[in-house]
1. For a test of the definition: using alpha carbon positions, the gyration tensor, and the 1.5 limit on a/c, classify the stretch 117-307 as rounded, prolate or oblate.
2. Compute the distance from the alpha-carbon center of the stretch 113-155 to that of the stretch 260-288, in whole Å.
3. Under 37 °C and 0.692 mPa s, how fast does the stretch 2-115 diffuse according to Stokes-Einstein, given a Kirkwood radius computed over C-alpha pairs? Answer in µm²/s, whole number.
4. Cβ under 10 Å from residue 244's Cβ, residue 244 left aside: what net charge do those residues give with Lys, Arg +1 and Asp, Glu -1?
5. About the Cα centre of the chain, what is the dipole size in debye to 20, counting +1 per Lys and Arg Cβ and -1 per Asp and Glu Cβ, all else neutral?
6. Just flag the trypsin sites (Lys or Arg not before Pro) in the stretch 16-90 sitting in loop per DSSP whose Cβ has no more than 15 other Cβ atoms within 10 Å.
7. Measure nothing but the geometry: give the 0 to 90° angle between the long axis through the Cα atoms of 2-19 and the longest principal axis through the Cα atoms of the chain, rounded to 10°.
8. Output the 0 to 90 degree angle, nearest 10, between the alpha-carbon long axis of helix 92-122 and the longest principal axis computed from the alpha carbons of the chain.
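The values are calculated or read from the model by the stated rules, or taken from the named source; none is laboratory data. All of these numbers come straight from a predicted model, not from anything done at the bench. Quick reminder, even Gly has a Cβ in these numbers, built from the backbone with ideal geometry, and neighbours come from all protein chains shown. Note: accessible area is taken over every heavy atom of the protein model, side chains too, but ligands, DNA and RNA are not part of it. Shrake-Rupley method; radii C 1.70, N 1.55, O 1.52, S 1.80 Å.
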Amino acid sequence: MNDVKLGIDKIVDVAERIRRLEVQGATNIALTAVKALNEYVQESVFKDRASKLSEVSEARSVLSTSRETEPYMRNAIKYFEWKLRNANWETREGLREVSKKILDELILNFEKSHTAIISFGSKRILDGDCILTHCHSSTVNDMLKLAKRNGSSFSVIVTETRPLYQGRITARELIEAGIETTLIVDSAARSFIKSVDLVIVGADAITSEGNVINKIGTSMIALIAHEARIPFYTISSLLKFDPQTVYGEFESIEERNSFEVWADPPEGLCIANPAFDITKRDYIHGIICEEGVISPHSILEAVYRRYPWVFTTVDN
Ligand code: RUB
């Protein structure tokens, strides 16, 4: 019993690290959550199949609630539990083997699709281009680094991304990769848009209508790009699609602690701190994903084709 408790404590701890942004960005969050689930299964005490499945369910819901606008994490851990429920195992050894196999499958899919996504994206970067990005997306950065390795010569403008300055992480990584990078404050985006050829951002969630949810400020940049007739792309795995949006649910937008905006505000001041915003598909030229560069309108078919299990429920 103690070991089970210890296991779930570790899951609570991982969820807390995700909530605090010690693990940041949709892809890192999804990978961390699914690895934590496998570790939990590997380490916790085994009583029987039924109790193990209910423990996994509990762990999954603890992780799911760590950050609410993260369907990639929810899809990945749902897949994990769904495969576990549908596999044949009765013993601890059997369970451990199946769990490791599911994790390996998910990681392999991630690696293969990530390689494809960044390769498709890198071909959009032409010599002499200036790219604007917002926040810190591991997918955007890996794509830019690949374009650089492939010999493209381009520069990047990064918004600092208030209140938590993820733009600094982006800028540091790009500078270390030898990419000419300029950091600007978020409110300078419109002043710089005339020198930009392409805007590319990551995504946290994609809805059934093809709208994209990404770091707060993204939709403002999309509007600015639209006004200046600059193409705006999102680069993202299709696993950031949220199936709940098909059934009428809205993607909920995480509201973060006001301390992130102002640690000692005057008494009585209200501070709003939404983490993300919604960019309508009308402002998105394309979604660069594992299926290629697709129109936001075709998101549903692309997900159905590639990941039909996204639409199943866990106990199916
Ligand atoms: C990060 C963010 C990133 C997406 C995509 O927000 O908005 O653009 O998560 O990242 P936060 P990736 O810092 O609040 O997690 O491409 O790495 O999945």
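1. Values: a/c = 1.78, a/b = 1.07, b/c = 1.66.
The shape class here is oblate.
2. 25
3. Values: Rh = 14.1 Å.
Diffusion coefficient, whole number: 233 µm²/s.
4. Numbers: positive: 74; negative: 242, 249, 251.
Its environment carries a net charge of -2.
5. On the way: 38 positive and 45 negative charges, 125 e Å.
Charge dipole, the chain, about its Cα centre: 600 debye, nearest 20.
6. Values: sites: 17, 19, 20, 35, 47, 49, 52, 60, 67, 74, 78, 83, 85; in loops: 20, 47, 67.
Passing sites in the stretch 16-90 are 20, 47.
7. Orientation of helix 2-19: about 10 degrees from the principal axis.
8. For 92-122 against the chain, the angle is about 10 degrees.
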